[in-house]
Amino acid sequence: MSIPYQPNSDLLYNIFTLKSLCRARENLIKERSKFAVLLTNELDKSFPELKPFFNNMISTTLLYILEKYTNTNHIATMKDYESIRKLSCGKFTYAKFAQLKELAKNSVGFHNENTDLLISTYVSIYNDFNNKIDPIEKQISTIVKVLNPRMLTIPGIGETSVVTILSEYRDIKNFSNPNKMLAFAGLDPSINQSGTLEYNGKMVKHGSGHLRYAIMNSAMAILRFSPEFYDYYLKKRSEGKCHRVALSHVCKKLIRVIYSLEKNDIDFDLSLLK
């Protein structure tokens, strides 16, 4: 009774579930990507103009079209524009609909029963992965709303990156300083010694690769939304550092900001950024 125990944080009760969900989501996305490549390979043969028409993205609209019309002959004669328009929330206009049909009529690709079967199979598997990933993402979103981490207030950081960072670090408040967070993520530089000389080398890359990947992705996104972070990136580039090294410095700055927000339980304030 004489020991001043402290109550566990909300994060402690959710961290293991959150980490398992994040890892499961990442594994499913990796597997889905394999079939996205296989689907693209078949489309490059049967309808090479299709993916560029959709900006090389596998969208819900594209999957719907391929699910109902597996080859250029079918796409050239499709008529259910209204269904596609509703599915795309009005983004797929009638002009695009007519343009797609014209592309199908004049396509340089070729198809047969085998390519049609493979496209249909890959689209079905891709949709199956989406159906498995969606409920996991909804559950992750539910947990994040309960935890309400302060780093979500940083412009450019997405929910997926936030939950990965949280789940890998566990409770950030347990770290006594941001340098220990850097070391935990494997973002601190290695130290090379030779006699009396000592200098920093490449980052050690110890710890979780999932964590480093999330932090690096977050840093890339922040460069598009935060002038201060981007100016810091340009400063490092002007010092002769390559892109990856300059980005690693942005990551270190980001971790210091995250540490300050979570430790002090405050929202991100651009005017306080140094």
Kindly indicate whether any position in the range 76-90 is of a type in the set (Val, Ile, Thr) and more than 30 Å from residue 172 (Cα to Cα).
yes
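Any idea how many residues of the range 136-151 are open to solvent by 70 Å² or more (accessible area, probe 1.4 Å) and either in contact with a strand residue (DSSP E or B) (Cβ under 8 Å, 6 or more places away or on another chain) or not charged (D, E, K, R) (or both)?
Result for the range 136-151: 4.
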Subset of the range 27-48 (residues that are charged (D, E, K, R) and surrounded by 16 or more Cβ atoms within 10 Å (Cβ to Cβ)):
32, 42
Identify the single condition in (1) at pLDDT below 90; (2) not in a loop (DSSP other than H, G, I, E, B) that residue 61 does not satisfy, given that it satisfies every other one.
(1)
Among the residues of the range 152-170, is there at least one that is within 12 Å of residue 258 (Cβ to Cβ), surrounded by fewer than 19 Cβ atoms within 10 Å (Cβ to Cβ) and modelled with pLDDT under 85?
no
Is it true that some residue in the range 78-93 is in contact (Cβ under 8 Å) with a residue 40 or more places away in the chain and open to solvent by 30 Å² or more (accessible area, probe 1.4 Å)?
no
Tell me whether the range 183-201 contains one or more residues that are at pLDDT 80 or above, under 19 Å from the mean Cα position of the chain (by Cα) and open to solvent by less than 30 Å² (accessible area, probe 1.4 Å).
yes
Counting only residues that are over 21 Å from the mean Cα position of the chain (by Cα), in a helix (DSSP H, G or I) and more than 25 Å from residue 167 (Cα to Cα), how many does the range 246-274 have?
3
Count of the range 216-234 residues which are open to solvent by 10 Å² or more (accessible area, probe 1.4 Å) and in contact with a helix residue (DSSP H, G or I) (Cβ under 9 Å, 6 or more places away or on another chain)
12
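The values are calculated or read from the model by the stated rules, or taken from the named source; none is laboratory data. Computed from a prediction, not measured in an experiment: that's the story for all the values here. Note that each Cβ is placed from the backbone with ideal geometry, even for glycine, and that neighbours are counted across all protein chains shown. With ligands, DNA and RNA removed, areas are computed over all heavy atoms of the protein, side chains included. Shrake-Rupley method; radii C 1.70, N 1.55, O 1.52, S 1.80 Å.
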